[in-house]
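Single-structure report; data block below.
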Amino acid sequence: MASPYMASPDVTERLRQQPIFNAWPPVLLDALLASTHLEDWEDGAILFVEQSAAADFFWLESGVVELVSSNAEGKEKIVEIMQAGDLFAEGVAFMGGRYPVTARCSGPVRVLRIPFAPVMATLDAHPQLMRRILAQLSMRLHFLVKELRQRSVQSADARVAAYLLELGKTAETGEGWVSLPAKKAAIAARIGITPETLSRVLRRLREARIIAITGRDLHILDFAALQSWACA
């Protein structure tokens with residue numbers, strides 16, 4: 001399942017796009033990557049369980065991972081849908097303790113498992129690097145809080161449009177094309193609406209000729225109109 005990771009320029013550069021690694025000098029990042037492992041997981045596999053002791057965080061090379069939280073009655077809520085290129089569970093590295101959610105694979109997944117110990121050892125030895133990382137993470141947190149406040153007052157139409165625009169920024173399927181990274185129920189839970197509402201909004205967008213839909217693939221036909229929906 002796991003294999004030693006051999007750093008490649010492409011993957012190293014993609015990792016460097018993450019706030020936590022953006023400030024790392026190449027020699028330190030290469031040394032860290034030598035302690036990581038690539039892992040392949042099947043659909044439904046669990047990377048870690050909510051409240052289990054945390055020792056690693058993860059970078060998603062390919063596939064989709066759902067971060068799920070359960071309430072006292074055992075009802076699940078999808079907190080986030082991680083896609084290729086995303087880093088997750090890194091916050092636990094600084095807080096210590098246990099994972100706050102469960103990470104479940106949605107389809108085949110390949111992840112890079114990054115142990116906490118060498119990360120913290122490197123940061124302890126390089127205080128300036130720690131300060132630069134905290135600055136990057138603070139900016140990211142400010143952006144996320146602002147996004148959360150905006151989303152809390154958005155209509156269902158605006159939430160769906162904003163989500164599609166967000167997908168479009170990282171799409172690798174060609175200009176104007178996006179692929180839904182998970183089932184409609186998971187996406188609806190992620191943006192705080194019901195699956196039925198998501199289907200109705202997508203249908204209205206299609207009828208307005210703003211998007212075209214083929215299975216999970218969506219073609220954004222009119223970016224300006226979609227942006228207007230996102231601001232409504």
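The values are calculated or read from the model by the stated rules, or taken from the named source; none is laboratory data. Being a predicted model, the structure only gives us computed values, none of them experimental. So basically every Cβ, Gly included, is an ideal-geometry build from the backbone, and we count neighbours across all protein chains shown. Heads up: the accessible areas ignore ligands, DNA and RNA and are worked out on the full protein's heavy atoms, side chains in. Shrake-Rupley method; radii C 1.70, N 1.55, O 1.52, S 1.80 Å.
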So Lys146 clears everything in (1) surrounded by fewer than 13 Cβ atoms within 10 Å (Cβ to Cβ); (2) modelled with pLDDT of 90 or more except one condition, right? Which one?
(2)
The conditions are (1) β-branched (Val, Ile, Thr); (2) part of a strand (DSSP E or B); (3) farther than 20 Å from Arg190 by Cα, and Thr12 fails exactly one of them. Which is it?
(2)
From Glu61, Glu39, residue being closer than 26 Å to Glu166 by Cβ, open to solvent by less than 50 Å² (accessible area, probe 1.4 Å) and assigned to a strand (DSSP E or B):
Glu61
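Give the residue that is nearest to the chain's Cα centre (by Cα), with candidates limited to residues of the stretch 180-204 that are in a loop (DSSP other than H, G, I, E, B), over 12 Å from Arg159 (Cβ atoms) and not charged (D, E, K, R). So that I can check it myself, show each step before the final result.
Applying the first criterion (in a loop (DSSP other than H, G, I, E, B)) to the stretch 180-204 yields 180-183, 192-194.
Add one more test, that the residue is over 12 Å from Arg159 (Cβ atoms), and what stays is 180-183.
Then keep just the ones that are not charged (D, E, K, R); that gives 180-182.
Values: Leu180: 13, Pro181: 10, Ala182: 12 Å.
Only one residue fits best here, namely Pro181.
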Subset of the stretch 49-58, residues closer than 18 Å to Met120 by Cβ and open to solvent by less than 60 Å² (accessible area, probe 1.4 Å), comes to Ala54, Ala55, Asp56, Phe57, Phe58
Exactly one condition in (1) touching a Ser or Thr at 6+ places or on another chain (Cβ under 7 Å); (2) open to solvent by 70 Å² or more (accessible area, probe 1.4 Å); (3) free of Cβ contacts under 8 Å to residues at least 40 places away in the same chain; (4) farther than 25 Å from Arg216 by Cα is not met by Val27; state its number.
(1)
Scan the stretch 18-36 for residues that are part of a loop (DSSP other than H, G, I, E, B) and over 14 Å from Met82 (Cα atoms) and report the count.
10
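Report whether or not Val119 is open to solvent by less than 40 Å² (accessible area, probe 1.4 Å) and over 23 Å from Ala186 (Cβ atoms). Steps first, answer last, please.
Values: open to solvent by less than 40 Å² (accessible area, probe 1.4 Å): yes; over 23 Å from Ala186 (Cβ atoms): yes.
Criteria met by Val119.
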When the stretch 64-82 is checked residue by residue, the ones that are part of a strand (DSSP E or B) and β-branched (Val, Ile, Thr) are Val65, Val68, Ile78, Val79, Ile81
Select from the stretch 190-204 the residues that are at pLDDT 90 or above and either small (Gly, Ala, Ser) or more than 30 Å from Ser69 (Cβ to Cβ) (or both) and write down the one among them that is most open to solvent (accessible area, probe 1.4 Å).
Arg204
Would you tally the residues in the stretch 205-226 being loosely packed, with under 14 Cβ neighbours inside 10 Å and over 25 Å from the mean Cα position of the chain (by Cα)?
4
Selected residue (criterion: farthest from Gly74 (Cα to Cα)) from residues of the stretch 93-119 that are at pLDDT below 90 and out of contact with any strand residue (DSSP E or B) (no Cβ under 9 Å at 6 or more places or on another chain):
Phe94
Let me spell it out: the conditions are (1) under 25 Å from Met95 (Cβ atoms); (2) open to solvent by less than 60 Å² (accessible area, probe 1.4 Å); (3) modelled with pLDDT of 90 or more, and Gln18 meets all of them except one. Which number is the exception?
(3)
Six or more apart or on different chains, Cβ under 6 Å: which pairs go from a residue in the stretch 1-22 that's over 22 Å from Glu42 (Cα atoms) to one that's modelled with pLDDT under 80 and small (Gly, Ala, Ser)? Could you list them?
none
Of all the residues that make up the stretch 93-107, how many are open to solvent by 40 Å² or more (accessible area, probe 1.4 Å) and hydroxyl-bearing (Ser, Thr, Tyr)?
0
Taking Met1 and the conditions (1) out of contact with any Leu (no Cβ under 8 Å at 6 or more places or on another chain); (2) within 22 Å of Phe94 (Cα to Cα); (3) at pLDDT below 80, which numbered condition does it fall short on, given that it satisfies the others?
(2)
